[in-house]
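Every number here is computed from the coordinates shown, using simple stated rules; none is lab data. Quantities reported herein were computed from a predicted structural model and do not represent experimental measurements. Neighbour counts are summed over all protein chains in view; Cβ atoms, including those assigned to glycine, are modelled from backbone coordinates with ideal geometry.
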Amino acid sequence: MKRREFIQQTSASAALVTVGGFGLTSFASGEKYKKITILHTNDVHSHIDPFGPDDGRNPNQGGVARRASLIDSIRKENPHTLLLDAGDIFQGTPYFNYYGGELEFKLMSKLKYDAATIGNHDFDNGLEGLFAQMPHAEFDFISANYDFSNTVMDGLVKPYKIFNKNGIKIGVFGMGIKLEGLVDKKMYKETEYLDPVEMSQEMTRILKEDEKCDLIICLSHIGYYYKNSPDHISDLVLAAKTKDIDLIIGGHTHTFLPKPTVVKNSLGNNMLVNQVGCFGLNLGKIDFYFDKNKNITSEGVSITV
């Protein structure tokens, strides 16, 4: 969906999806519902400015200013909105080479991001480089499967965070890709990688059973799917092997999805997986509707910035 088209009319054409095995009866009967909007980006890679008019693939697209305008219009439509990022904030333009990530974090703070997870390129200036920029981030970093206990990042990254929007309790946890063989050891040092499936099961147990969350989101940087290695851990594999996750927001593979993929979880219930490519070209928008019993229905779309 183009940005201009979105502003003129919202994503009413996006298909409604039943989440968690519940039906649409309450919505069809005209019963009141609560709406929660999730906005998300991934793999922005330090793209602050829009692509130029002569760019061969993405002319006049992207840019933080355009994204800010779009986010503001959506928040005005529904103040019960979360803004999340699935990692690889760093690396890709001279802005990162010169400022080391300071500008990226400051601008995300201006846009009022609520949380982000950590991608492999966010280690490109080492743990010390990431640590040095943390004071500029006025939002939380979350990762459940990176253990930073023996590093300078100890205590700066949470496994999950809970948000309350319009009486709906939303649990968000982070999940990162295996760094060994992908990132130089000297960049992540003693960071310990934990199994994504096991940690996701632990996070959903905590968020669903202990914290009583109504909506559970995994903010992932493990990749959408690997065709040549279908058993390799990815968002689609993680979705199928777990339960109680309502939405996986992905990154790493730069996968452009026009709308979320519907996946059956380990219990056979619907859940959503989404990713919006890279470089800030698109903004993901997913609306969740809760009836009086907190049964969930959703619709999602990718909006060109």
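Couple of notes before you dig in:
- Cross-link table Lys76/Lys227; Lys112/Lys185; Lys158/Lys292; Lys76/Lys178; Lys76/Lys259; Lys106/Lys186, entries beyond 29 Å C-alpha to C-alpha: Lys76/Lys227; Lys112/Lys185; Lys158/Lys292; Lys76/Lys178
- Antiparallel bridge percentage (DSSP; both residues within region 131-176; nearest 5): 75
- Antiparallel bridge percentage (DSSP; both residues within region 3-304; nearest 5): 55
- Cα centroids of region 246-305 and region 122-157: 26 Å apart.
- Among beta bridges that DSSP assigns inside region 44-181, antiparallel share in %, nearest 5: 50
- Along the chain, the exposed loop sites are GluC sites (Glu not before Pro) outside DSSP states H, G, I, E and B with at most 11 other Cβ atoms within 10 Å, and the longest stretch free of them is 32-179.
- Taking the fewest neighbouring Cβ atoms within 10 Å as the starting point, the ordered list for Thr242, Thr41 is Thr242, Thr41.
- Secondary-structure-derived ellipticity at 222 nm for the chain, considering helices only, amounts to -6000 deg cm²/dmol, per-run term -39500 (n - 2.57) for DSSP H runs with n ≥ 4.
- Relative contact order, whole percent, for region 3-304 stands at 24, derived from Cα pairs under 8 Å and 6 or more residues apart.
- Separation between Cα centres of region 180-206 and region 74-98, rounded to whole Å: 23
- Net charge in the neighbourhood of Gln133 (other residues with Cβ under 11 Å of its Cβ; Lys, Arg +1, Asp, Glu -1) is -3.
- Of the trypsin sites (Lys or Arg not before Pro) found in region 187-249, those that fall in a DSSP loop while having at most 12 other beta-carbon atoms within 10 Å are Lys212, Lys227.
- Mean Cβ neighbour count within 10 Å, used as a protection proxy, ranking 144-154, 258-268 highest first: 144-154, 258-268
- Taking 7 Å steps out from each Cα toward its Cβ at Glu77 and His232 produces label points 3.6 nm apart.
- Dipole moment magnitude, nearest 20 debye, the chain about Cα centre, only Lys, Arg, Asp, Glu C-beta charged: 1160
- Checking the cross-link pairs Lys189/Lys241; Lys165/Lys212; Lys264/Lys285 against a 23 Å limit on the alpha carbon distance flags Lys189/Lys241 as lying beyond it.
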